[in-house]
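S.K.: Mind having a look at this structure? Questions to follow.
The values are calculated or read from the model by the stated rules, or taken from the named source; none is laboratory data. From a predicted model like this one, the values you see are computed outputs, not experimental measurements. Cβ placement follows ideal geometry from the backbone for every residue including glycine, while neighbour counts extend to all protein chains displayed.
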Amino acid sequence: ETIMAIAKQHGFNFESVQLNNFAHLTVLTKKTYHKPADLTGGTPLVELTAFELPAGVRLFAKLEMYNLGGSVKDRLGRHLIDEAVRRGDISTGEVVEATAGNTGIGLALACLAHGLKLRLYVPEKFSIEKQAIMRALGAELIMTATADGMLGARAAAAADAKRTGAYYTNQFESSANPASYDKLANELTAELGEVAMIVAGAGSGGTFTGLAERLKPRGARTVVVEPVGSILNGGDSGSHRTEGIGVEVWPKFMTRELIDAIETITDDAAFDAVKKLARREGLLVGSSSGAALAAALNQAPYVQGNIVVIFPDASDRYLSQHIYD
Ligand code: PMP
């Protein structure tokens, strides 16, 4: 009873499970969270069983849409801002970044928590839903030309920081980016024990690098996923519909030794996987998750054991992009 009273004070609930006629088990269940910002990380891991897999292979998806801002990049926003505040680096109270949207949402949440102003440089082509969410969270958006790509948005953010003295989080070059995913790697090993293969898309390359740095030494095969139109596999930079992944210049922190395989996925394959995930599993995910699933299925014959695929966000922020059409 004492233990239950203390646990209750800390927001836990209880469930009683009858084991047999003589015994029951009291299980500590859901925690009640005391502020929304605490809803970062600790996302669900779910097994996918509706896709054909080789014998001896199980496929698990990490559902990052369950973060407060709806994507894996909440982990990054929180880590980049908490660390910069701790170091005293944000002297003007202003932060700038270039983003396709999810990083902007993660940063906006973190800036709210610290009372900071946020200016974001966003290429026009990215979804209007993500723009609306960034604005709803108090960020100022400056749209950059689609033709200038992410590199154009990055140059504009860097110039802003130089001009105004605002703090540039610089997700594309900062080693704090991959370090934001320590906890994600720990969550996977805590839940599964052994991870035979990790599959993650690359936009900035932070998620893949962070996970590969921690899981490869433990024996995982590491698979990075890009759309056709991204340069990791030696292809030319070009346009693609798959949103959130795709690299224009090789990320500084992503060393080649971390990569066992690069999967370059067509838009058609990514969107086909998105539709199958909806119809077969009831999972509503963005196109980068579809690309990651397609890559995981291609790579499944190379391992035995648990495959983990990262699903970075949900499909509802891409309905205007006709994700299911
Ligand atoms: N998927 C989506 C939907 C994203 O927004 C991002 C980040 N741009 C990624 C995947 C890739 O993550 P990272 O930047 O860590 O490579």
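S.K.: Scanning region 243-261 for residues that are within 22 Å of Leu151 (Cα to Cα) and of a type in the set (Val, Ile, Thr), which turns out nearest to the ligand (Cβ to nearest atom)? Show your work before the answer.
M.R.: Initially, region 243-261 is screened for residues within 22 Å of Leu151 (Cα to Cα), giving 243-256.
Restricting the remaining residues to those that are of a type in the set (Val, Ile, Thr) gives 245, 247, 249, 255.
Details: Ile245: 5, Val247: 8, Val249: 13, Thr255: 15 Å.
My answer is Ile245.
S.K.: Restricting to region 88-102, what's the tally of residues that are under 14 Å from Asn170 (Cβ atoms) and surrounded by fewer than 24 Cβ atoms within 10 Å (Cβ to Cβ)? Give the steps one after another, and end with the answer.
M.R.: Of region 88-102, the ones under 14 Å from Asn170 (Cβ atoms) are 89-90, 95-99.
Checking which are surrounded by fewer than 24 Cβ atoms within 10 Å (Cβ to Cβ) leaves us with 89-90.
Summing the residues that are under 14 Å from Asn170 (Cβ atoms) and surrounded by fewer than 24 Cβ atoms within 10 Å (Cβ to Cβ) in region 88-102 gives 2.
S.K.: For the condition at positive phi and touching a Gly at 6+ places or on another chain (Cβ under 8 Å), what is the one hit in Gly244, Gly219? Steps first, answer last, please.
M.R.: Details: Gly219 fails: touching a Gly at 6+ places or on another chain (Cβ under 8 Å).
On inspection, the qualifying residue turns out to be Gly244.
S.K.: Pairs please, first residue from region 171-192 and at negative phi, second anywhere and surrounded by fewer than 18 Cβ atoms within 10 Å (Cβ to Cβ) and part of a loop (DSSP other than H, G, I, E, B), Cβ atoms under 6 Å, 6+ apart in sequence or on different chains.
M.R.: Going by the 6 Å Cβ cut-off, the qualifying pairs are Glu173/Lys252.
S.K.: May I ask you to verify whether Ala139 is under 21 Å from the mean Cα position of the chain (by Cα) and away from the ligand (no atom under 12 Å from the Cβ)? Before the answer, list the steps.
M.R.: Details: under 21 Å from the mean Cα position of the chain (by Cα): yes; away from the ligand (no atom under 12 Å from the Cβ): yes.
Criteria met by Ala139.
S.K.: So which residues in region 244-263 are without any contact (Cβ under 8 Å) to a residue 40 or more places away in the chain and outside any loop (DSSP other than H, G, I, E, B), if there are any at all?
M.R.: The answer is Arg256, Glu257, Ile262.
S.K.: Looking only at region 296-308, decide whether some residue is among the aromatic types (Phe, Trp, Tyr), crowded, with 17+ Cβ neighbours inside 10 Å and part of a helix (DSSP H, G or I).
M.R.: no
S.K.: For Gly235, state whether it is more than 13 Å from the ligand (Cβ to nearest atom), farther than 28 Å from Arg86 by Cβ and without any contact (Cβ under 8 Å) to a residue 24 or more places away in the chain. Give the derivation first.
M.R.: On the way: more than 13 Å from the ligand (Cβ to nearest atom): yes; farther than 28 Å from Arg86 by Cβ: yes; without any contact (Cβ under 8 Å) to a residue 24 or more places away in the chain: no.
No: the conditions fail for Gly235.
S.K.: Restricting to region 105-122, and then to whatever is touching a residue at least 24 places away in the same chain (Cβ under 8 Å) and not aliphatic (A, V, I, L, M), can you tell me which residue is surrounded by the most Cβ atoms within 10 Å (Cβ to Cβ)? Even if it seems obvious, please write down each step before you answer.
M.R.: Quick first cut of region 105-122, residues touching a residue at least 24 places away in the same chain (Cβ under 8 Å) only: 105-114, 116-122.
Keeping just the survivors that are not aliphatic (A, V, I, L, M) gives 106, 111, 114, 117, 119, 121.
Numbers: Gly106: 32, Cys111: 23, His114: 13, Lys117: 15, Arg119: 19, Tyr121: 23.
Here the answer is Gly106.
S.K.: Can you name every one of the strands (runs of 3 or more DSSP E) wholly within region 4-92 that holds 2 or more residues which are away from the ligand (no atom under 16 Å from the Cβ), over 25 Å from Ile245 (Cβ atoms) and without any contact (Cβ under 8 Å) to a residue 40 or more places away in the chain? Write out each step before concluding.
M.R.: Details: elements: 12-18, 24-31, 45-48, 57-63.
It comes to 12-18, 24-31.
S.K.: Is it the case that some residue within region 25-38 is among the small types (Gly, Ala, Ser), within 30 Å of Asn177 (Cβ to Cβ) and modelled with pLDDT of 95 or more?
M.R.: Taking region 25-38 and keeping what is among the small types (Gly, Ala, Ser), we get 37.
With within 30 Å of Asn177 (Cβ to Cβ) added as a condition, the list becomes 37.
Next, only the ones that are modelled with pLDDT of 95 or more stay: none.
No, because not a single residue in region 25-38 is among the small types (Gly, Ala, Ser), within 30 Å of Asn177 (Cβ to Cβ) and modelled with pLDDT of 95 or more.
S.K.: Determine which member of the set Ala100, Ala153 is within 16 Å of the ligand (Cβ to nearest atom) and modelled with pLDDT under 95.
M.R.: Ala100
S.K.: From the list Glu248, Glu281, pick out the single residue that is farther than 20 Å from Val228 by Cβ and over 18 Å from the mean Cα position of the chain (by Cα).
M.R.: Numbers: Glu248 fails: farther than 20 Å from Val228 by Cβ.
Sole residue among the options that is farther than 20 Å from Val228 by Cβ and over 18 Å from the mean Cα position of the chain (by Cα): Glu281.
S.K.: Please indicate, with yes or no, whether at least one residue in region 204-224 is farther than 12 Å from Ile310 by Cα, within 9 Å of the ligand (Cβ to nearest atom), under 13 Å from the mean Cα position of the chain (by Cα) and assigned to a loop (DSSP other than H, G, I, E, B).
M.R.: Scanning region 204-224 turns up at least one residue that is farther than 12 Å from Ile310 by Cα, within 9 Å of the ligand (Cβ to nearest atom), under 13 Å from the mean Cα position of the chain (by Cα) and assigned to a loop (DSSP other than H, G, I, E, B).
S.K.: Hey, can you tell me all the residues within region 264-295 that are outside any helix (DSSP H, G or I) and either within 17 Å of Glu47 (Cβ to Cβ) or within 16 Å of the ligand (Cβ to nearest atom) (or both)? Even if it seems obvious, please write down each step before you answer.
M.R.: Residues of region 264-295 that are outside any helix (DSSP H, G or I), as a first pass: 264-266, 282-286.
Listed by number, the residues that qualify are Thr264, Ile265, Gly282, Leu283, Leu284, Val285, Gly286.
S.K.: Next question, about the same structure. Looking at (1) surrounded by 19 or more Cβ atoms within 10 Å (Cβ to Cβ); (2) among the polar types (S, T, N, Q); (3) within 23 Å of Gly152 (Cβ to Cβ), find the lone condition where Thr222 falls short.
M.R.: (3)
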